[in-house]
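Worksheet: the structure to be examined is printed underneath.
The values are calculated or read from the model by the stated rules, or taken from the named source; none is laboratory data. Only a predicted model underlies this, so the values are computations on that prediction, with no experimental measurement involved. Don't worry about glycine lacking a Cβ; one is built from the backbone with ideal geometry, like all the others, and counts go over all protein chains shown.
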Amino acid sequence: MFSVLNGGIVIVARASEIDEKARTLSLRSASIINGSQTQGEVREFLSSGGDGDNTHIKFELIITDDDDLVADISIARNFQNDVKLLSIAGRKGELDELEEAMRLVHSEIRLQKSESQRPTETNDLLHTEKLLQVIAALLPPELWWKQGEYSKTYTYSAKATCLKDFRSIHDEAKQGSDTFAEVYQFYLDIAPHAWELYQNWKEHQGFQGTRLRSIDRNGKEIVEVPDGIIFPILAALAQFATKTKKGWRIQPPKELDDKELIAAAKRAYMEIAGSKPELMGKSRACYSALEQITSIYKRLLAK
């Protein structure tokens, strides 16, 4: 009954060769684009001693070397399984250049390109959507391309929006828009440094002694600072985005001590957000409080 109840497998390959005499079909660069769950069930059946010789699986074979067509087929055939934006971006190759930019500095890193992939402590996958949230928080005012007021509050919690934005920026840049080309270049240039900056603030030892209850500690050592506290800080640091000979960088002045930002973040956390990091991450007032400090330093440097 399996072949009647099961929808079968869709296979895409770059080329095929049939040996009529041996009754074999050889495929080049073949991959399953719909039917991975079926494949898993077949493997489990065979590993448990099932009779593979008397098992029949329907399959549809598509031969093409058109990368765009392969991506479109994969997306279309999987919409019945609710394909998410990350998988679509990954299959269309929209994350490839971002991954290459990351690997120029962090050669061991690979970007997560589908929801089925799970970044863990034991693999080298990085949360792509989190990276895009961090970069969006660091986007400077002069590169602001969205309609409406310059505001970064959405970057803390709207990961889907940050991914959609990146896809739009990528598409516009590839279609020849000079404005979006510069924004896209910012994403590529800043990606590895943005992730380093985020990781640094996640366990910044300058938070020792702040007595903020939401921070995870191991004794006195800071283990993890909540994103709700970090994102307003990152958004404030966007004031110091500078285009250098090596590309875009975040370059705070030496005069600005991290302790000053931490003290301001503590005040915003306690007085505006009521000691709730999830509120701080969404509060425009908290973002403004920190941006006031970096804006002052930026104006002083400009004089």
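The table for this structure:
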item: Yes/no for GLU44 being among the acidic types (Asp, Glu), outside the structural domain of LEU163 (by TED's automatic domain parsing) and part of a strand (DSSP E or B); result: no
item: Residue within the range 151-159 that is small (Gly, Ala, Ser) and either touching a Pro at 6+ places or on another chain (Cβ under 8 Å) or free of Cβ contacts under 8 Å to residues at least 40 places away in the same chain (or both) present; result: yes
item: Residue match in the range 211-229 (condition: among the β-branched types (Val, Ile, Thr), in a loop (DSSP other than H, G, I, E, B), without any contact (Cβ under 8 Å) to a residue 24 or more places away in the chain and within 21 Å of GLN133 (Cβ to Cβ)); result: yes
item: Residue ID - farthest from PRO253 (Cα to Cα), chosen from residues in the range 286-301 that are aliphatic (A, V, I, L, M) and in contact with a helix residue (DSSP H, G or I) (Cβ under 6 Å, 6 or more places away or on another chain); result: ALA289
item: Matching helices (runs of 4 or more DSSP H) fully within the range 67-165 where at least 2 residues are closer than 24 Å to GLU182 by Cβ and in the same structural domain as GLY281 (by TED's automatic domain parsing); result: 96-105, 128-138, 154-157
item: Matching residues in the range 257-276 - criterion: being closer than 16 Å to LYS152 by Cβ and in a helix (DSSP H, G or I); result: LEU261, ALA264, ALA265, ALA268, ILE272
item: Among the candidates GLU99, GLU94, residue that is surrounded by 15 or more Cβ atoms within 10 Å (Cβ to Cβ), without any contact (Cβ under 8 Å) to a residue 24 or more places away in the chain and under 24 Å from the mean Cα position of the chain (by Cα); result: GLU99
item: Top-ranked residue in the range 154-196 [being surrounded by fewer than 20 Cβ atoms within 10 Å (Cβ to Cβ) and hydroxyl-bearing (Ser, Thr, Tyr); ranked as nearest to CYS286 (Cα to Cα)]; result: TYR154
item: Pairs with Cβ under 7 Å, 6+ apart, first in the range 125-142 and over 19 Å from LEU290 (Cβ atoms), second surrounded by fewer than 24 Cβ atoms within 10 Å (Cβ to Cβ) and polar (S, T, N, Q); result: LEU125/GLN112; LEU125/GLN117; LEU126/GLN112; HIS127/GLN112; THR128/GLN112
item: Lone unmet requirement of (1) closer than 16 Å to ALA137 by Cα; (2) without any contact (Cβ under 8 Å) to a residue 12 or more places away in the chain for ALA236; result: (2)
item: Conditions (1) surrounded by 18 or more Cβ atoms within 10 Å (Cβ to Cβ); (2) closer than 17 Å to TYR156 by Cα: number failed by GLN199; result: (1)
item: Checklist (1) under 27 Å from the mean Cα position of the chain (by Cα); (2) among the hydrophobic types (A, V, I, L, M, F, W, C); (3) surrounded by 14 or more Cβ atoms within 10 Å (Cβ to Cβ) applied to VAL223, failing item; result: (3)
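Every residue, every condition in (1) under 22 Å from TYR198 (Cα atoms); (2) among the hydroxyl-bearing types (Ser, Thr, Tyr), yes or no:
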residue	(1), (2)
ALA76	no, no
HIS106	yes, no
ARG110	yes, no
LEU138	yes, no
GLU149	no, no
THR153	yes, yes
